[in-house]
Each structure stands twice: as C-alpha cells, then as structure tokens.
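As structure tokens, the structure follows; a few thoughts come after it.
The values are calculated or read from the model by the stated rules, or taken from the named source; none is laboratory data. Note that the coordinates shown come from a computational prediction; the quantities given were computed from them, not determined experimentally. Every residue, glycine among them, receives a Cβ derived from its backbone with ideal geometry; neighbour counts consider all protein chains shown.
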Amino acid sequence: MRADIESLDIADVTANWVNTAVLQSQIDGRIKALADHADTPLFFGRLDYLHAPDDGDEPRYYIGRRHVHDADGDPMVVDWRAPVSQPFYRASRKEPMDVALRRRFGSTGGELTAYEDENLTDPAAGETKSRLLQTEIERPRVGPMRDIVATIQPEQDEIVRAGLTGTVCVQGAPGTGKTAVGLHRVAYLLYAHRDRLARTGTLVIGPNRSFLRYIEQVLPALGELEVGQATVEDLVAYVEVRGVDPAGRARLKGDARLAEVLRRAIRSGVTMPAEPLVVVRGSRRWRVPAHELAEIVRELLDRGIRYGAAREALPQRIAHTVLVRMESAGEAPDDRVQDAVARDGAVRAAVKAIWPPVDPARLVLRLLADPGFLAEHAAGVLSPAEQDTLRWEKPPRSIRAAKWSPADAVLIDEARDLIQRTPSLGHVVLDEAQDLSPMQYRAVGRRCTTGSATILGDLAQGTTPWSTRSWPEALTHLGKPEARIEELTEGFRVPRDVIAYASRLLPEIAPGLAEATSVREAAGSLLIHRTEDLEGTVLESCRETLAHEGSVGLIAADHRVPALSSALSAAGLPHLTPGEETTADARLTLVPASLAKGLEYDHVVLDEPSAIVAAEPDTRTGLRRLYVALTRAVSGLTVVHTEDLPRALA
C-alpha cells in the first residue's frame with residue numbers, strides 16, 4: 001500500500017502549484033501514517049466467524065493496527081477499530097458474538113513467535129486466561145509508552161468505542177490503563193468520525209511536558225498523526241508566567257467564584273449614555289435620544305451575550321434606529337446605508353464611550369492590584385479576608401512587569417472568553433484531571449463546548465491544594481454535568497504486592513475509593529530497606545535493579561534530586577531526566593516526585609518516602625504524592641529509607 005502511494009505521479013492531475021503542494025502534503029502524510037514499525041508485526045490476532053459478517057463471503061479476518069489490502073483491493077488485515085474487529089476484544093464463551101475461534105499471535109522484535117487459540121463454541125471448555133496476553137502485559141519496557149491495541153480488555157474496549165457525542169469520565173486506579181484507554185479512544189473516534197474531527201480537531205491535554213513526551217508515540221504508531229498535545233499552561237499562555245502563588249492564594253484563584261467576579265468587572269466598563277447621538281447624512285441630521293440609546297444598551301446587557309459580541313452589535317443596533325427614522329421621513333435606505341451609519345465617526349465615538357474595549361490581562365491586573373476595584377466587584381462573592389488574600393502586596397507597574405502565576409494566566413483566559421468566545425474542538429482528552437482547579441476545568445471546557453471529552457484521572461492521586469473532590473463536581477465545572485462516569489479497578493501493569501502495599505494509604509488519602517486489584521499473576525518484587533547510609537544504599541539498589549531487564553526509575557523528593565544526580569554521576573551510573581527516551585544503554589531515569597505522575601518503569605527505587613511527604617504543604621497531599629510514586633513500578637519496587645515510614649506503611 002505504501003509503495004502504491006509512493007509511486008503516484010501528480011504532475012498531470014493538479015491545476016496549479018497550490019494544488020500540487022496541498023496534494024503532495026496529503027500524500028506525504030499518508031506515507032508517514034503507513035510507515036512500518038520494525039518491532040511490530042502487521043497483525044496480532046485472527047477471528048474465525050461462524051457466519052460471514054454482513055452477508056460477506058469471508059468468515060476469517062486478521063486483526064492489526066491498520067487496514068492492509070492486496071493489489072486487488074481485498075483486505076488482508078482489518079483495522080482493530082473496524083466493527084468486525086470488536087469481538088476480538090469482547091467475545092467470550094458466555095457471549096461468543098458469532099465467533100468460532102479467536103487466535104492471538106505472539107511476537108518478538110517484529111517476528112511472529114507463537115500463537116494461541118480459543119474455541120469459543122466448545123461448551124465443555126471453561127474460561128481460561130491467555131498466556132500470550134499475560135506475557136504481553138508483563139513484557140519489560142524500554143523507551144516511551146507503547147500502544148495496548150493487542151491487549152485491550154472488554155471493560156476498556158467499551159470506553160474506547162463509546163460514541164463521539166457523549167463525554168466519558170474514567171476513574172482509574174494505578175495500572176488500570178486509563179491513559180492508554182484515552183489515547184486509543186482518540187484513535188477510534190478518528191477512525192469512526194474522521195471527516196467531522198478533521199474539521200473540528202482533537203487535542204490531548206497532559207499534566208506536563210515530560211508526560212506528553214512519554215505518550216507522544218502511541219497515536220502515530222496507530223497511524224494517527226494529526227492529534228495535538230498540550231498542557232493546561234499551554235492553552236492559557238497569553239502572558240509570561242514568572243511567579244508562583246502560595247498554596248492558599250493559588251487555591252482561591254482557582255475557585256469558580258472568580259468567574260463571577262471577572263464577569264462583573266468586565267461589564268462594569270459599560271456606561272449608560274447621558275447625551276443624545278447625532279448622525280449627519282448629507283444635509284440631514286438624525287438624532288437618537290439618550291433614553292433610546294440606554295434602552296439598546298440595557299437590552300444587550302440583559303441578553304447576557306459576550307462583551308465583545310455585544311460591543312460589535314451595538315453600532316448596528318444604533319444604525320438600525322437611525323434607519324427607522326429615515327424611513328419615517330420618507331427615505332428608502334438599504335443595508336449599505338445601515339453599514340455606513342454603523343461606521344460613522346459619531347457612532348464609533350459613542351460606542352467607544354458607552355462600551356469601551358477591554359484588555360483581559362489589564363483587567364485581571366487591576367483586580368489584583370486595586371483594592372477598591374476588587375471590593376466593588378467581589379462584594380457578596382468573596383469575603384474581605386479572601387479579597388486580602390488575592391491582592392498583590394506590591395502592585396506591578398505594567399502587564400509586562402507583572403510576575404504572573406499559572407493561576408493568573410487561567411484568570412486571563414476566563415476574561416478573554418467573557419469578551420470573545422473561545423473556539424471549540426471536536427474532542428478533547430484530559431489526563432490526570434484530578435489535579436485541576438475549578439477554573440482550570442472551565443478553561444478546558446471552553447475548548448470543547450460544542451464537542452465532547454474524555455476525562456481521565458484518579459482521585460487518590462490528586463496532589464494539588466485544589467485537587468478534585470468528586471467527579472460530578474469536576475464535570476459541572478467542565479460544563480459536562482451529564483457525562484458518564486466509568487471506574488476501572490483492575491490493574492494490568494502494577495504487580496499484586498506493590499499495589500497492595502500502596503493501597504494501605506487509601507483510607508487516609510481517598511476513603512471512598514475501592515482498593516485496586518491486579519490481574520497479573522506475578523506478585524512482583526517488593527523490597528523495603530532501612531539504612532543509615534541512605535545515598536549508598538540507593539546507589540546499590542540502582543545497580544541491582546539495572547541487572548534486570550527493562551527500565552529503571554529512581555524517584556525522590558524534588559529537593560533531593562540534585563544531590564542524587566551528583567551521586568549517580570560520581571558512581572558512574574548514567575541517568576536520564578523524565579521525558580528523555582530510554583535505550584538499551586541508558587535505562588535509569590532520575591525522577592522528581594512532582595513529575596512522576598503518569599510515568600511507568602519496570603523497576604522503581606524510591607528514595608526516602610518521608611521526604612516526599614514532607615515536601616508537600618499538608619500531610620494528605622504528601623501521602624497522595626507518595627501513593628503516586630509507589631505505583632510507578634511495573635515489575636519491582638525497592639523502598640530505601642532512613643527516617644520512619646508513614647504510619648500506614650510501617
């Protein structure tokens with residue numbers, strides 16, 4: 001297929017150089033999407049149907065990452081997202097879905113090495129676990145996150161294939177594959193609704209750049225190259241962020257009540273006209289009394305439309321009033337006259353005075369710097385003490401001089417949307433959503449007001465002072481209160497012993513959540529070392545884990561990272577930073593605890609848990625940060641400590 005596209009000659013089918021460039025770009029993209037992956041076979045499964053689906057003549061289908069056909073156009077491999085492929089993931093002996101046999105193929109380095117058959121129509125056979133499936137789940141990993149298209153489970157597939165029109169929220173414990181499910185859902189939706197999403201766009205939002213680099217190869221491996229990636233900070237990057245708010249101030253700035261304060265502040269610029277407006281057309285003068293102008297302004301305010309849209313409508317409404325007077329005087333003005341009146345200098349001057357333009361950054365600056373302005377518009381919304389918390393101690397002289405914080409940038413984004421509507425995408429995937437503030441949810445929701453979203457998170461892993469308390473509350477702030485909430489509790493990546501150890505923290509960090517379980521047969525390696533020589537034991541543990549196959553993550557409190565980096569270098573242990581791709585020669589990554597969320601390593605060495613807890617503003621947040629760090633291990637976890645462990649782990 002790729003060779004056929006590469007051989008296309010477009011010289012005689014395009015009318016001009018623009019058409020040629022556009023068509024060549026589309027061809028190049030298609031060639032890139034069909035690129036081979038050396039370590040990935042074309043197919044991973046086969047379905048033998050009892051009856052050919054859709055009255056066709058072919059009862060056997062090979063299932064792969066993308067569609068492959070022969071020279072005659074007949075399918076050789078069917079895309080995993082096609083309806084005919086669905087039973088590969090959902091069929092069982094209880095519900096065979098007209099499938100007689102399901103075959104799984106095993107591979108190593110792109111070469112098929114084994115296969116395994118399941119006869120779904122044999123009443124004497126019981127449900128058995130697939131050894132190939134188990135092997136693939138437990139396979140050591142080196143490099144970035146890979147797709148799970150060959151190992152998607154039935155409950156995951158239901159989420160992946162959910163319709164485009166509805167929003168889905170996935171509460172997933174560590175290792176349940178929620179991130180992979182979200183990415184595969186994007187790939188499925190692009191397959192099922194390609195034309196619509198090609199027009200409206202799709203976006204994956206992650207917690208940080210390291211995370212986005214970790215997942216960035218999943219969708220291209222599935223043939224999808226046009227999906228955007230961003231952090232929430234990227235979405236609202238209208239000012240340079242150079243400051244950091246204290247936890248209390250950041251929590252307050254993330255409160256949804258700030259949206260009402262901003263709305264009031266923006267509308268406060270509108271002033272009722274006190275003087276009539278006179279428009280000169282030729283030898284005639286047309287007068288609009290002040291009370292009629294005020295009526296127009298009040299009507300626009302009462303409609304509740306965005307500030308900028310109302311400001312654009314105001315000159316047309318004034319011009320319409322003038323045209324009514326012209327018609328009453330016997331003239332016959334048309335639309336061109338109305339447009340000319342709307343552009344008249346007197347009308348434009350009146351609009352500027354009545355409904356002045358508002359700069360969103362300047363407005364937020366004034367709210368945070370001017371106590372009187374804030375008090376006027378926060379009355380009844382924020383208490384005087386809360387207003388004091390919001391105000392800058394030393395107001396900056398200008399927008400450029402201000403040390404804007406990440407929370408300030410979100411406030412500016414809210415103000416921008418109150419002035420002019422934010423364009424909506426077709427579908428947004430939001431991962432690690434539990435860490436967002438209500439105002440950040442609103443910022444994301446603005447990007448999918450006419451589209452849908454997939455929300456992924458784990459309430460137990462919320463590590464911000466404003467972390468999500470419940471999904472219904474979060475979905476309301478997102479603007480999707482009707483979203484379906486699904487829960488994944490079966491882990492496929494974290495070993496039994498490791499998830500059981502980490503789950504001891506759940507009663508303190510998320511009492512209402514069910515404890516996660518692991519379907520993996522391997523219990524995993526769990527070692528706890530108490531030592532007087534913390535640094536030396538950590539280095540020795542890294543050496544021991546590097547003797548095993550797969551990636552190794554050394555996770556430590558952020559302030560411990562520089563010292564550990566120097567110790568690793570002095571010991572001759574090369575190491576990477578989060579987001580750098582591991583290779584066979586460099587498999588150790590030094591991970592600050594604040595960046596560990598969403599990442600996975602075959603083996604994890606955890607440095608001084610008490611330091612991770614103490615680095616956070618409160619104990620609950622610290623224990624949640626520790627819970628995240630403990631659950632990054634796929635095969636083995638080694639905990640090294642000098643100080644006492646938290647009570648739940650002791």
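If you scan segment 148-171, which residues turn out to be closer than 20 Å to residue 82 by Cβ and acidic (Asp, Glu)? Matches in segment 148-171: 157, 158.
If you take the residues in segment 64-100 that are closer than 12 Å to residue 191 by Cβ and modelled with pLDDT under 90, which one is surrounded by the most Cβ atoms within 10 Å (Cβ to Cβ)? Looking at residues that are closer than 12 Å to residue 191 by Cβ and modelled with pLDDT under 90, I get 65.
Every condition in (1) modelled with pLDDT of 90 or more; (2) surrounded by fewer than 16 Cβ atoms within 10 Å (Cβ to Cβ) holds for residue 580 except the one numbered (1).
Given 579, 536, which one is out of contact with any strand residue (DSSP E or B) (no Cβ under 8 Å at 6 or more places or on another chain) and either more than 27 Å from residue 172 (Cα to Cα) or polar (S, T, N, Q) (or both)? Criteria check complete, one pass: 536.
Whether a residue is over 27 Å from residue 189 (Cβ atoms), in contact (Cβ under 8 Å) with a residue 60 or more places away in the chain, β-branched (Val, Ile, Thr) and outside the structural domain of residue 620 (by TED's automatic domain parsing) was assessed, and residue 454 does not pass this test. Quick one: residue 612 ticks every box in (1) in contact with a strand residue (DSSP E or B) (Cβ under 9 Å, 6 or more places away or on another chain); (2) modelled with pLDDT under 95; (3) crowded, with 17+ Cβ neighbours inside 10 Å bar one, so which box is it? Only one criterion in (1) in contact with a strand residue (DSSP E or B) (Cβ under 9 Å, 6 or more places away or on another chain); (2) modelled with pLDDT under 95; (3) crowded, with 17+ Cβ neighbours inside 10 Å is unmet by residue 612, namely (2). When the test is whether a residue is buried (at least 18 other Cβ atoms within 10 Å of the Cβ) and touching a residue at least 40 places away in the same chain (Cβ under 8 Å), residue 561 does not pass it.
What do you reckon, is residue 515 under 26 Å from residue 165 (Cα atoms) and more than 17 Å from the chain's Cα centre (by Cα)? No.
One residue stands out among those in segment 498-512 that are closer than 30 Å to residue 131 by Cβ and either touching a residue at least 24 places away in the same chain (Cβ under 8 Å) or under 27 Å from the mean Cα position of the chain (by Cα) (or both): the one that is surrounded by the fewest Cβ atoms within 10 Å (Cβ to Cβ), which is 501. Remark: pairs (first residue in segment 614-634, outside the structural domain of residue 518 (by TED's automatic domain parsing); second residue part of a helix (DSSP H, G or I); Cβ separation under 7 Å; 6+ apart in sequence or on different chains) are absent. The one condition from (1) closer than 24 Å to residue 595 by Cα; (2) among the acidic types (Asp, Glu); (3) surrounded by fewer than 22 Cβ atoms within 10 Å (Cβ to Cβ) that residue 486 does not meet is (1). Of the residues making up segment 119-133, not a single one is crowded, with 17+ Cβ neighbours inside 10 Å, in contact (Cβ under 8 Å) with a residue 60 or more places away in the chain, not in a strand (DSSP E or B) and not polar (S, T, N, Q). Against the list (1) in a loop (DSSP other than H, G, I, E, B); (2) surrounded by 23 or more Cβ atoms within 10 Å (Cβ to Cβ), the condition residue 187 fails is (1).
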